[in-house]
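Report on the structure given below.
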Amino acid sequence: MKLMSIAALAATFAFAAPNALAEDTAASETAMSAQTMVTAKVNGMVCDFCARAVTKVFGKEAAVENVHVDLDNGEIHVTLKTGAELSDDRVAELVKKSGYDLVSIGRETA
Amino acid sequence: MIRIQTAGLVLAMGAALTSQMAEARPVSYPSGWTVMQMNNGDMSSLHVHYSPTFKDSIGLYSERNWANDWHFTGLQYNRLVQRWNTPNSQANLYFKAGAGQADPFGDGADVDLAGFVGVAADWETRRWFVSYEGRAYDLGFTQDARQAARVGVAPYIGDYGDLHTWLMLQVENQPEADTPTTVTPLVRFFYDVQLLEIGYTPETEELMLNWIVRF
């Protein structure tokens, strides 16, 4: 009986371990393939030249794949490279460096 | 000295045509370069500057003043003193200073140390634009000054990347000029990194043509 219990336990581990490993791998792959879009709402961005300053400053960041400016809503949409990160502090710093005032930051992960 | 002056003259002469007062925003984004060419019949100028930060720029300024017959070449520093950002507008206050040399007839024969200081301010929404600039020169052999104000309206609101058009009216005062006060209607086109202004001053029958590019 004891021998059977040990065998069952071993079998459980034998089957469960690959599943757990697979789940970890999938989660890791999801994180690695996740792409984040950061939306920064700013004050003072009223012209094309303002928008160009923002795209130049954000575009130099290694984590940034694409920058889109929405002048109607005063928003900067920054798409990060897969798996890359850009902290709120860094976003605030880049907005200030561009010459504008940060109002809020939002994030979406696809 | 003469070589620098000659280079400045060539640059100023090569400048197509544009007005001094168009450079109300003399500072670009960090690491940005700007070329401004101006001519309004009374003067031709070229300003090439580099902005290490969004608050500063420094570069070469050369101006051939045809109205009062002098030529200035030197370095110009521009400082964004204050910026006010709101959800729908932006306002700026700038300080400008230049130091270099000037000669009374633009022929390099009688060169003096020279300099100028100026202030500029603007307020802009996506529909409206207002600006002011004043500048005073000490050219050694004489002093000179001028000031100008503008109002503008955008007939349509373009998105980022569109061709932007502004209809503007400039009032300029140059106490030493034959016609001290002039009014110039002009059209500003702004596309990508280029800004072009075309205007006409009825009092003096002079064309204004300004061109600015940033990169």
Find, among the GluC sites (Glu not before Pro) in region A:43-110, those assigned to loop by DSSP (not H, G, I, E, B) with at most 13 other beta-carbon atoms within 10 angstrom. A:Glu85
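Using the alpha carbons of region B:66-177, what is the convex hull volume per residue in cubic angstrom, as a whole number?
Numbers: hull volume 14.2 nm³, N = 112.
Convex hull of Cα atoms, per residue: 127 Å³.
List the chymotrypsin sites (Phe, Trp or Tyr not before Pro) within region B:91-193 that DSSP assigns to loop and that have no more than 11 neighbouring Cβ atoms inside 10 Å. Don't jump to the answer; show the numbers that get you there.
Numbers: sites: B:Tyr94, B:Phe95, B:Phe105, B:Phe116, B:Trp123, B:Trp128, B:Phe129, B:Tyr132, B:Tyr137, B:Phe141, B:Tyr156, B:Tyr160, B:Trp166, B:Phe189, B:Phe190, B:Tyr191; in loops: B:Phe105, B:Phe141, B:Tyr156, B:Tyr160.
Passing sites in region B:91-193 are B:Phe105, B:Tyr156.
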If you take each beta carbon of peptide B:76-88 and count the beta carbons of other chains within 10 angstrom, what is the mean? 3
Could you name the lysines in cross-link range of A:Lys41, using Cα to Cα under 30 Å and dropping any fewer than eight places away on the same chain? A:Lys56, A:Lys60, A:Lys81, A:Lys96, A:Lys97, B:Lys55
Contact order relative to length of region A:34-109, as percent, for alpha carbon pairs under 8 angstrom and 6 or more apart: 48 percent
Mean other chain Cβ within 10 Å across B:192-201 is 1
Given +1 on the Cβ of Lys and Arg, -1 on the Cβ of Asp and Glu, and no further charges, what dipole in debye does chain B carry about its Cα centre, rounded to the nearest 20? 940 debye
Bin by bin, in steps of 5 Å, what percent of the Cα pairs in chain B do you find, going until the bin that has the longest distance? 1, 7, 15, 20, 22, 17, 10, 5, 2, 1, 0
With axes computed from alpha carbons, what is the tilt in degrees of helix B:2-14 against the longest principal axis of chain B, rounded to the nearest 10 within 0 to 90? 40 degrees
About the Cα centre, and with charges only on the beta carbon of Lys, Arg (+1) and Asp, Glu (-1), how big is the dipole of region A:34-109? Nearest 20 debye, please. 240 debye
Suppose each label sits 7 Å from its Cα in the direction of the beta carbon; what would the A:Glu108-B:Gln194 distance come out to in nanometres? 3.5 nm
Could you tally the net charge around A:Asp72, taking each other residue with its Cβ under 10 Å from the Cβ of A:Asp72, Lys/Arg +1 and Asp/Glu -1? -2
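Within 10 Å of each Cβ in peptide B:154-163, how many partner chain Cβ atoms are there on average? Round it to a whole number, please. If you can, show how the numbers build up before the last one.
On the way: counts 1, 0, 0, 2, 3, 6, 13, 5, 2, 1.
Mean shielding by partner chains, rounded to a whole number: 3.
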Segment B:Thr86-B:Phe105, extension gain: residue separation times 0.36 nm, minus the distance between their alpha carbons: 2.2 nm
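Read-outs throughout are calculated quantities, based only on the coordinates presented, and are distinct from any laboratory measurement. Here the structure is a predicted model, which is why all the values come from computation and not from measurement. So basically every Cβ, Gly included, is an ideal-geometry build from the backbone, and we count neighbours across all protein chains shown.
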